[in-house]
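Take a look at the structure below.
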Amino acid sequence: MPFLKEMKKIPRSEILETMSKKKGLRHAIFNTVGDRYIGEWKEDEKTGKGALLTRYRPKRERQLYEGDFERGFRHGFGVLAYENEDHVFLLEYRGNWKRGRMNGFGLRRYRDGGVYIGNWKHGKRDGYGLMWYPNGEFYAGDWVKDKRQGLGMLIRPDTSRYEGCWYEDMKHGKGIFLHLVTGQKQQGVWTRDVCVFCTFKDIRYRQSVRRPTKYPIHLVKLVGIDELCETWQMKALQEIVQSCLTLHKSLSSEINQIP
């Protein structure tokens, strides 16, 4: 003889909550602050392809994101644009995302006119990338947490360029600076953006540059010049050699102490 099982009664509030969960494609969903989302859902979270239009923020502007979502975050490939004063959406970032942050390879256009193409990590430039600055400079090289760090090349608007090591956005370590306006090559060691040891010589096409030096630099003939340069280079790399700026400060302090 079969036994009757007592069925558990599901509250109406729980039934209505289950029915209200979003799954699949939805035309338009608005939240309490006025953001509008059109796209796919999974387990009541934005997951899949979609477009999110954010309403007014503290800067009184709107942003539009179109791309991949996962559990409510921008995740995958997507395009972010912002609305200008003429109510036209302009590209801000196009590339890969991870849990709401720029991560992977992407292109970003800054509001000041700068453009970056390269790798990102946790919303910051990290890895190899190319940067066009609004003042006309161009950098190609390594980045760490939004700062130039590692090996890189910086080209100035006057075509002069630096190739070498960087640390926390400063020239730091061994490098070469080509003064293509005056026709000279500077090779040495930099410490916190200041050259502490270097050798100068004319480049082969000095006379064809824009403003060549009046007199050519003659080669200095010293005994053991290679060994001497190597010794001073190692001292500079170990930060034993003081820069001329530091030396000037120390001399000034000593002069002020003279009665």
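Where a number appears in this text, it was derived from the coordinates with a stated rule and is not lab data. None of these values were measured; they are calculated from a predicted model. Neighbour counts are summed over all protein chains in view; Cβ atoms, including those assigned to glycine, are modelled from backbone coordinates with ideal geometry.
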* Asked: Which GluC sites (Glu not before Pro) in segment 39-90 pass both tests, a DSSP loop state and at most 16 other beta-carbon atoms within 10 Å?
  -> E43, E61, E85
* Asked: In segment 139-223, which chymotrypsin sites (Phe, Trp or Tyr not before Pro) fall in coil by DSSP and have 13 or fewer other Cβ atoms within 10 Å?
  -> Y205
* Can you give the Kirkwood hydrodynamic radius of segment 61-174 from its Cα pairs, in Å with one decimal? -> 15.1 Å
* Asked: Of the GluC sites (Glu not before Pro) in segment 100-177, which ones lie in a loop per DSSP and count no more than 16 other C-beta atoms within 10 Å?
  -> E137, E168
* Collect residues whose amide H, placed 1.01 Å from N in the peptide plane, falls under 5 Å from the amide H of G141; neighbours closer than 5 in sequence don't count. => G129, M153
